[in-house]
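What follows is a single structure, written as structure tokens, with notes after it.
Coordinate-derived values only; no laboratory data. Worth saying up front: this structure is predicted, and the values here are computed from it rather than measured. Here Cβ is always computed from backbone atoms with ideal geometry, including for glycine, and neighbour counts include all displayed protein chains.
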Amino acid sequence: MIPDSEFGYELLVCRYAELAWYPGADPRAEIVSRQLGTQRRRWDTVVIEVDPEAFAARRAFGDRSLDSDLLHVVRDAPEGWEWYRDALPDPGYPWRYVRQAVHRAAGRDLIEKRRRGNRIEIRRIGPYPDWVERIVAIENKPDLDRSAADALADQLAHDVETALADEVWLATEATGDRVEPALLRSMPVEAGILTTGFAVEETRTDGFAVDETAAAVDWLPSDLAPGDPGGRDPETVTRRLEIAERAYGKGWRSYHDTMRPDCRHFELRRAGRALVPHCAAKGRCPTVRECSGSCPEFSPEPPAWRTRGWPIEGGPGKGIRELLERRRGRVRDRVASDRDGF
Ligand code: SF4
């Protein structure tokens, strides 16, 4: 049994993907994020398979995401000094917005800029690399029942049709022996099925754990990428890059930005090789929505905790944030340094 909200399950799937991608095959360099997509469709878990060498070059542009305006500037910035309006493609919207993006990009050291008379010239710090190889979307449904299966079938069919991702999967927890085959059969045939076995009888924590063997492939997905490499229109290519950039900046551990690790009841608990949030007041993994300042049991950590270095310097809230950020950075380092390992 997975007792803790779809959110808790989602974190376990993210950690599994980080440990074991590609399921049932040779490892691939990847970064994992969650809750990304387009206005119309938000995916639970997103795996970005990367070219490690190009990924290392991407790191030269910093640890933060590049949004669409910055990408427009950084991708097309010229090797030598040029007036930005000559160098960049027509944006299709007023140039003054591009000028703002030029200033922002220069402020983050993503490009160089100088003023010549009343013209702003730019040049690149290096070519923006082609680091994204494939985008994989995973939809998480720990308890797959008939209504969830029907809703999911529609969403996955949409994913297959738009081919924004290269591959889509359903992750579901094996309850009893197997997930009911009839439910799985109602999924689009192109979607892969990953059956997780996170629930374990004997753990020190809440009865679930994750490691690299914690899931099995029930059905392999089809490749949704167009056969011809130039088959995606430029708008789709840009949208995919924007998603990958958001995944790069956000990772999957950034829930501390929206939850309340500064609440005295907030803990991180070990679930096998994952750390997941736990609310001591509720006795379970809280949802993102309930773990907020309006939570009736919210209780700010006492100021003394922050000053006494208890149990982590800066107080538990700050310590938890730093720990999660460090882990996100460590994943980026590993992917970039494993250039020869994949
Ligand atoms: S008591 Fe509320 S705010 Fe505090 S950790 Fe639990 S869910 Fe979050």
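Would you please classify the overall shape of the stretch 68-124 from the alpha carbon gyration tensor, given that a ≥ b ≥ c denote the square roots of the eigenvalues, rounded means a/c under 1.5, and beyond that prolate means a/b larger than b/c while oblate covers the rest? It would help to have the intermediate numbers written out before the result.
Details: a/c = 1.34, a/b = 1.14, b/c = 1.17.
In terms of gyration-tensor shape, rounded.
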Can you compute the charge dipole magnitude of the stretch 234-301 about its Cα centre, using +1 on each Lys and Arg Cβ and -1 on each Asp and Glu Cβ, nothing else charged? Give it in debye, rounded to the nearest 20. 320 debye
Mean ellipticity per residue at 222 nm, deg cm²/dmol - from DSSP H runs of n ≥ 4 across the chain, formula -39500 (n - 2.57): -10500 deg cm²/dmol
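Indicate the gyration tensor shape class of the stretch 254-337 (rounded, prolate or oblate), computed on the Cα atoms with a ≥ b ≥ c the square roots of the eigenvalues: a/c under 1.5 is rounded; otherwise a/b larger than b/c is prolate and the rest oblate. Could you put the intermediate results ahead of the total?
Working: a/c = 2.07, a/b = 1.39, b/c = 1.49.
Since a/c reaches 1.5 but b/c is at least a/b, the shape of the stretch 254-337 is classed as oblate.
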Hey, rough spin-label estimate for Ser186 and Asp257, points 7 angstrom out along Cα→Cβ, what's it come to in nanometres? 3.6 nm
Label points 7 Å out from Cα along the Cβ direction at Arg115 and Asp211: separation in nm? 6.2 nm
Can you give the Rg to Rh ratio of the stretch 209-306, both from alpha-carbon atoms, with Rh computed by the Kirkwood formula? 1.15
Rounded to the nearest 10, the angle in degrees between the Cα long axis of helix 316-337 and the longest principal axis of the Cα atoms of the chain comes to 60 degrees
Under a no-solvent Debye model with one identical scatterer per Cα of the chain, what's log10 I(q)/I(0) at q = 0.09 Å⁻¹? -0.56
Report the convex hull volume per residue for the stretch 116-193, counting only C-alpha atoms, in Å³. 153 Å³
Using the alpha-carbon centroid of each, what span in Å lies between the stretch 64-141 and the stretch 275-289? 40 Å
Between Phe208 and residues 5 or more places away or on another chain, the pairs with built amide H atoms under 5 Å apart involve Val200
